[in-house]
Structure formats: structure tokens, C-alpha cells
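Below is one structure; the comments refer to it alone.
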Amino acid sequence: MSPVTIEDFQKLDIRIAKVVKVEEIVGADKLLKLTLDVGELGERTIAAGIKEFYTSDELIGKLIVYLANLEPKILKGVESQGMLLAADSGEPVILQPEKDVAPGSKIR
């Protein structure tokens with residue numbers, strides 16, 4: 001693993017987001033379309049490969065850690081505007097704050 005500088009880390013816009021909507025993506029076995037409330041940034045859409053591990057009911061209302069300034073990418077016809085952060089323990093474990101914080105709060 002290569003070390004990064006503090007300047008490299010500061011380029012990342014990592015925030016708290018609240019999942020407000022979850023939709024199936026036609027033809028996608030692993031992806032779900034999530035609509036996120038990111039506070040002052042407004043709503044953002046992401047495609048996340050978590051369909052096998054999380055249900056809509058588990059996700060709606062959940063606060064997650066979100067990388068806001070990842071270059072958008074089209075996945076199965078959905079423009080993914082960032083990425084949720086998850087630990088990889090053989091299956092994704094979505095990172096979330098230990099206390100309630102406002103959507104859009106920055107991670108520093």
C-alpha cells in the first residue's frame with residue numbers, strides 16, 4: 001500500500017448522506033439505485049453493488065458515508081454520482097456514523 005499525502009486526502013469530499021429512496025435496476029443482479037440526501041449538495045444518485053446483502057427496508061433512512069466528488073460513471077444505465085463507503089469483510093458492511101449527524105456533514 002502506497003502512502004498518500006494529507007493534500008491527497010483533502011481532495012476527497014467525503015460526507016454523510018441519508019438514503020431516501022431505493023430502486024431496482026433492470027438487468028442488474030448486484031446493483032441497487034440509491035437516491036441520497038446530501039444536505040447542501042442536494043440529492044444525488046448512486047448505483048451500489050449491495051443488492052445481495054441489503055434490502056430496501058434496511059437502507060431507507062440509513063445514514064451512510066459517501067464519497068461525493070468521485071467522477072460520475074454510467075452503470076447499467078444509471079449515472080452514479082459518487083460512491084458509498086463500505087468495509088469488505090467477505091461482504092460489504094456499509095459505514096455509518098455512530099451518532100445522528102446532518103446529511104451533508106463533512107468527514108475530516
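Just a few scattered comments:
- Within region 53-66, residues that are at positive phi sit with their Cβ atoms under 7 Å from residues that are among the basic types (K, R), at 6+ positions apart or across chains, in these pairs: G61/K18.
- Filter pass, G90 being at positive phi and modelled with pLDDT under 95: yes
Residue-wise test of (1) among the small types (G, A, S); (2) touching a Phe, Trp or Tyr at 6+ places or on another chain (Cβ under 9 Å).
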position: G42; (1), (2): yes, no
position: K51; (1), (2): no, no
position: Q81; (1), (2): no, no
position: L84; (1), (2): no, yes
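- Residues that are farther than 16 Å from I60 by Cα, without any contact (Cβ under 8 Å) to a residue 40 or more places away in the chain and not polar (S, T, N, Q), drawn from region 9-31: F9, D29, K30
- Hits in region 1-49 (condition: polar (S, T, N, Q) and under 16 Å from R108 (Cβ atoms)): T5, Q10
- Residues of region 84-108 satisfying the condition of being loosely packed, with under 13 Cβ neighbours inside 10 Å, within 14 Å of the chain's Cα centre (by Cα) and touching a residue at least 24 places away in the same chain (Cβ under 8 Å): P97, K106
- Residue list for region 32-49, restricted to those being farther than 19 Å from I60 by Cβ and either among the hydrophobic types (A, V, I, L, M, F, W, C) or touching a helix residue (DSSP H, G or I) at 6+ places or on another chain (Cβ under 7 Å) (or both): L41
- Members of region 16-60 found to be assigned to a loop (DSSP other than H, G, I, E, B) and within 21 Å of K99 (Cβ to Cβ), listed by number: V38, I60
- Residues in region 64-108 that are assigned to a strand (DSSP E or B) and either of a type in the set (G, A, S) or over 17 Å from G49 (Cα atoms) (or both): S80, A86, A87, K106.
The values are calculated or read from the model by the stated rules, or taken from the named source; none is laboratory data. Note that the structure is a prediction, hence the values are computed from the model and not measured. Glycine also receives a Cβ, built like all others from the backbone with ideal geometry; neighbour counts cover every protein chain displayed.
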